[in-house]
Amino acid sequence: MKNFIFDFYGYFVFFYSLLLILIYTLCMVASFINQRREKFFFSISYIKKLLTDSPYTPGISIVVPAFNEENSVIANVKSMLSVDYPKFEVIIVNDGSTDFTLDKLISSFDLVEVPFAYRELVKSAPVRRILKSRQKAYSILTVVDKENGGTKADASNAGINVAQYPYFIDTDVDCIIEKNALYRLIWPVLSNHKKVIAVSATMMMSQGSRFVDGRMQYERVPHSLYPLFQELEYMRSYLVGKMGWASINAISNVSGGFGFFDREIVIAVGGYDSNSFAEDMDLIIRMVKYMRELGIPYKIPQIPETCCWTEGPSNLVLLGRQRTRWARGLIQWSFIHHKIILNPRYRQVGMLLMPYMLLFELLAPFIEVGGFGMFIWLILTNSVNWTTVWVIFLMIYFFCLFQSTVICFFSYFVGSTYRRYVFAREGYILLVIAAMLEPFLYHPFITFFSLKGFFSYFTKRNFKWKNMSHKGFEGDEENKSVFVPAENATISVVMQKKEGEL
Amino acid sequence: MNNTILYGFDYILYYYYYYYNVFIGYPLVVKISIFVILVSILISAILFIEILILYMGKIRDRKILHYLKVTYRDKIKIIAVDPVVHSVEDIIVSLNYDKKKPLGVKQKRLFTGLLALFKVELSERLNRTNYHNIILAFDLIPFFEREIQFAKPRYRMRMLMWIRYLEESVSSVVLIPQLYNRNPQIRKAAQATFMWDSSADPFRFFDNADFDSNFRPWDKIDIHNIFENRLRWNKNIPNVTQWIRAPKNEIVKPLFACEIRYWHKKDECPYLLDTFFETNNMELRCEIAKTLGYMKYVEAEQKLISSYTAQPEKVKQAVISSVTMMQSGLSLSFLCSAYFDAVDISTKMAALEGLFDYGTQGRHEFELLELRADMADVILFEHIKNPLINQQKREIA
């Protein structure tokens, strides 16, 4: 019986891995086709020219929640105000900061309180006041001062209520937006005859790159370990995963770090759920459900070009916090939306995406740990067939390397600035080295954090959103030479959410 | 006796069959794993070579671009901004361009991009005739035509865009086959170029029954740009009422109502007014109401007001905005009752905005209403009066 269980599990894990390899391969092919199509029919200069002159150019609101960001907020708001697009506004939501975030904004941008007729279209904590600048140069800036709602979702909802344009971008204060990002984001909306309800944009790590006055000057892969692995992970997720899923219109998530949404649809589904740990995934699924239930054809595309740089967790502790929260969010999301799984009414989302998420995102850590435990048991009982073990290990390892080569190729193909330094340390060489080390130095931790997140969800342990200390533009010692800080920054995000409030 | 059995290619065959036989003897799990490993290594190697090829291609392009810039950039810029007209022959001589050794296809593609860049850089100072003559001097028109006919879809598509960007034209004979291209992107771009340039029934596509099904928001921007360019080049734009009143293509109709407003075609107002009452397309109704207001077609005012109560909220707001724009001085009581009767806060605000912008009388009425307003409504008055909030609103409008 024991042998049967071990054999069965061994075969199960093998074919499970094989199926995953097949899905990734299909995603790569679909992604490549998708990228070719996007690349060949997109001409930024032509689009810019027409949108600048046209009365039909849709406006975009950039919603930026900020909590205790006094060190970086001014430089980043200035960066957002200088984005290239003919019709946009920037809405900073001060989520009850306890430091000088609001005071700095008021003094730097000459803000005064205005009697804004605030309408709570989606739920958020009470708004104290709304401020506008007296200077014409900052007329597109609105600052919402509200009571702390405990989550980013709550602050984003307040920003959505104030937004004036039909589309909005939800981003973070520590994000640097690419100069032409808004043109890139609006293009899928304009060029589709189906309704585009959201657009997912590619984000990269800001560590390692050089920014001057909030503008990218020199893009380089991070030279510190964990941001480097995360860069690789982001590239794989955006350029292969999301691009691939987008080709069958089944994106699971438009990142809360930088996502583009149709405001009307977001309001119709009730905005972000501030009780969710994966509010971005939750919002997208609710939007998809809404469109499917009304029978309106819709699309959620993915943009392969980098539109935004964000600062990823720079050490294992911060990474652990982030990934534990993501894992909690994933499991919560799966329970909330379980009715979609294998429901033909939701087509590719119900029949393909949700089962994939369940099998390969949610269960993967358990299967991995189970497999590892079984392997140790087999070693101890001296019943391992080492030839088979080595062959299977090499299969997975070489496939991982292959996948990393593919993302380097995709990145080069879509025109990433890394391609200036193809064979230099700044370019793909580091990414390939990281790909070789990732299974040993990074992936085990990610599996551990995921399991920790699942465990804390099931045991209902008191979960708090803790400090996510960002180093800002200053960077670490190793990267100091390449950063030119507009203002040195140490961002401290304290977001606390008690389980009892949920 | 010679012991050597294998020669040349036989070695490859021998080892192929040897490994093949070893391979089929393995268990299924090992076979699959080896297959995945080999495929991964092979494709990775191909991709690295592909990156290398793309990299070399980039370097080659950069060299060509550098050559073009060094050889022609400064001279072209001087000619392009010179108020004195240079003939094609003069340009050939002054650029020292050898027609017997013309630029290659790749060079011409890059050169076209370079010309487009100059056009942006020199936009205000550009002498159109000289700029056109530069294009003729390099024989770019036949090149454009060849690209549209025979190039790969990506270059074909790009060329259709470049032609409009450079404000050049190509023969209809070249464009017509592309109007029915299987690729919808190319078809759309060809149709846009054809509408932009042709005189032979250029707007025939609006009559197609399926024009709506492929209509994208971008087409609105494109069509507007086409009308704008045609007028700039003293070409006529069509009377769009025919398509507004046609029974098909409901999605595109609001665009035409907007275009009437934009080009200030007041003659078409009576037809628009009739359509306002006939159509069930609410978006079209909104646009018609705004257009009638923008063009101060006061004959429509009472009719719009009388239909007000039966309209959905968005149309109500459009009627309020229309009446406000007309500024006839006769609708003060209507705006007041619109404020009192509004069930939707956006309609209420639209009515108040209307009053605020309705001349001295309207402003006076606004102030009187503010004095009588209940606590919940006071903020609406404050909001509308505030110049810092309205500054942005005006810009949006």
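The values are calculated or read from the model by the stated rules, or taken from the named source; none is laboratory data. Note that the coordinates shown come from a computational prediction; the quantities given were computed from them, not determined experimentally. Positions of Cβ are backbone-derived with ideal geometry, glycine not excepted, and every protein chain shown enters the neighbour counts. SASA here: full protein model, heavy atoms, side chains in, ligands and nucleic acids out. Shrake-Rupley method; radii C 1.70, N 1.55, O 1.52, S 1.80 Å.
Could you check how many residues of the range A:99-135 are under 17 Å from B:LYS385 (Cα atoms), free of Cβ contacts under 8 Å to residues at least 40 places away in the same chain and either within 8 Å of chain B (Cβ to nearest Cβ) or buried (at least 18 other Cβ atoms within 10 Å of the Cβ) (or both)?
Count: 9.
Just checking, which of A:ARG420, A:ARG425 is in a helix (DSSP H, G or I), modelled with pLDDT under 90 and charged (D, E, K, R)?
A:ARG420
Name the residues in the range A:40-62 that are part of a helix (DSSP H, G or I), in contact with an Asp or Glu (Cβ under 9 Å, 6 or more places away or on another chain) and within 9 Å of another protein chain (Cβ to nearest Cβ), would you?
A:LEU50, A:ASP53
When you scan the range B:212-248, how many residues do you find that are open to solvent by less than 20 Å² (accessible area, probe 1.4 Å) and either within 14 Å of chain A (Cβ to nearest Cβ) or of a type in the set (Val, Ile, Thr) (or both)?
Selection size over the range B:212-248: 14.
Being part of a helix (DSSP H, G or I) and among the small types (Gly, Ala, Ser) is the filter here; which residues of the range B:294-333 pass it?
Correct list: B:ALA300, B:SER306, B:SER307, B:ALA310, B:ALA318, B:SER321, B:SER322, B:SER333.
Looking at A:ILE251, A:ILE160, A:ILE177, can you tell me which residue is more than 14 Å from chain B (Cβ to nearest Cβ) and closer than 26 Å to A:ALA327 by Cα?
The unique qualifying residue is A:ILE251.
Filter the range A:200-249 for residues that are charged (D, E, K, R), within 23 Å of A:ILE429 (Cβ to Cβ) and assigned to a helix (DSSP H, G or I) and give the result.
Correct list: A:GLU231, A:GLU233, A:ARG236.
Restricting the range A:1-18 to residues that are touching a residue at least 60 places away in the same chain (Cβ under 8 Å) and either within 11 Å of chain B (Cβ to nearest Cβ) or under 27 Å from the mean Cα position of the chain (by Cα) (or both), which is nearest to A:PHE413 (Cα to Cα)?
Looking at residues that are touching a residue at least 60 places away in the same chain (Cβ under 8 Å) and either within 11 Å of chain B (Cβ to nearest Cβ) or under 27 Å from the mean Cα position of the chain (by Cα) (or both), I get A:SER17.
From the list A:ARG345, A:ARG321, which residue is in contact (Cβ under 8 Å) with a residue 24 or more places away in the chain, closer than 24 Å to A:VAL266 by Cβ and open to solvent by 50 Å² or more (accessible area, probe 1.4 Å)?
Just a single option satisfies the conditions, and that option is A:ARG345.
Look at A:ALA435 and say whether it is surrounded by fewer than 19 Cβ atoms within 10 Å (Cβ to Cβ), within 14 Å of chain B (Cβ to nearest Cβ) and either modelled with pLDDT of 85 or more or over 29 Å from A:ASN71 (Cβ atoms) (or both).
no
Just a yes or no: is a residue in the range B:164-171 touching a residue at least 60 places away in the same chain (Cβ under 8 Å) and either among the hydroxyl-bearing types (Ser, Thr, Tyr) or crowded, with 21+ Cβ neighbours inside 10 Å (or both)?
Yes, the range B:164-171 contains a residue that is touching a residue at least 60 places away in the same chain (Cβ under 8 Å) and either among the hydroxyl-bearing types (Ser, Thr, Tyr) or crowded, with 21+ Cβ neighbours inside 10 Å (or both).
Run down A:PHE360, A:PHE335, A:PHE398 and say which single residue is within 14 Å of another protein chain (Cβ to nearest Cβ) and at pLDDT 90 or above.
None of the others qualify; the one that does is A:PHE398.
Determine whether B:TYR72 is within 30 Å of A:PHE14 (Cα to Cα) and more than 14 Å from chain A (Cβ to nearest Cβ).
No; evaluated as a whole, the condition is false for this residue.
Criterion first (under 17 Å from A:ARG37 (Cα atoms) and modelled with pLDDT of 90 or more) does A:ARG263 satisfy it?
No, not satisfied.
Please specify each residue of the range B:10-62 satisfying the condition of being over 24 Å from A:SER411 (Cβ atoms), more than 8 Å from chain A (Cβ to nearest Cβ) and either within 49 Å of the chain's Cα centre (by Cα) or among the hydrophobic types (A, V, I, L, M, F, W, C) (or both).
B:ILE12, B:LEU13, B:VAL22, B:PHE23, B:ILE24, B:LEU28, B:PHE35, B:LEU38
With the requirement that a residue be surrounded by fewer than 24 Cβ atoms within 10 Å (Cβ to Cβ) and either touching a helix residue (DSSP H, G or I) at 6+ places or on another chain (Cβ under 9 Å) or not in a loop (DSSP other than H, G, I, E, B) (or both), what does the range A:183-195 give you?
Result: A:TYR183, A:ARG184, A:TRP187, A:PRO188, A:VAL189, A:LEU190, A:SER191, A:ASN192, A:HIS193, A:LYS195.
When the residues of the range B:94-127 are filtered to those that are over 23 Å from B:LYS63 (Cα atoms) and loosely packed, with under 12 Cβ neighbours inside 10 Å, which remaining residue is modelled with the highest pLDDT?
B:ARG125
For residues that are without any contact (Cβ under 8 Å) to a residue 40 or more places away in the chain, open to solvent by 60 Å² or more (accessible area, probe 1.4 Å) and in a helix (DSSP H, G or I), tally how many sit in the range A:360-374.
So the count comes out to 2.
Name every residue in the range A:63-98 that is within 14 Å of chain B (Cβ to nearest Cβ), of a type in the set (A, V, I, L, M) and open to solvent by less than 10 Å² (accessible area, probe 1.4 Å), in order of residue number.
Of everything in the range A:63-98, those that are within 14 Å of chain B (Cβ to nearest Cβ), of a type in the set (A, V, I, L, M) and open to solvent by less than 10 Å² (accessible area, probe 1.4 Å) turn out to be A:VAL90, A:ILE91.
Of the conditions (1) more than 14 Å from chain B (Cβ to nearest Cβ); (2) under 19 Å from A:ILE62 (Cβ atoms); (3) out of contact with any Leu (no Cβ under 7 Å at 6 or more places or on another chain), A:THR142 clears all except one; give me its number.
Of (1) more than 14 Å from chain B (Cβ to nearest Cβ); (2) under 19 Å from A:ILE62 (Cβ atoms); (3) out of contact with any Leu (no Cβ under 7 Å at 6 or more places or on another chain), only one is false for A:THR142: (1).
Given the residues A:MET357, A:MET374, which is the only one that is of a type in the set (A, V, I, L, M) and over 29 Å from A:ASP154 (Cβ atoms)?
Going through A:MET357, A:MET374 in turn, just one is of a type in the set (A, V, I, L, M) and over 29 Å from A:ASP154 (Cβ atoms): A:MET374.
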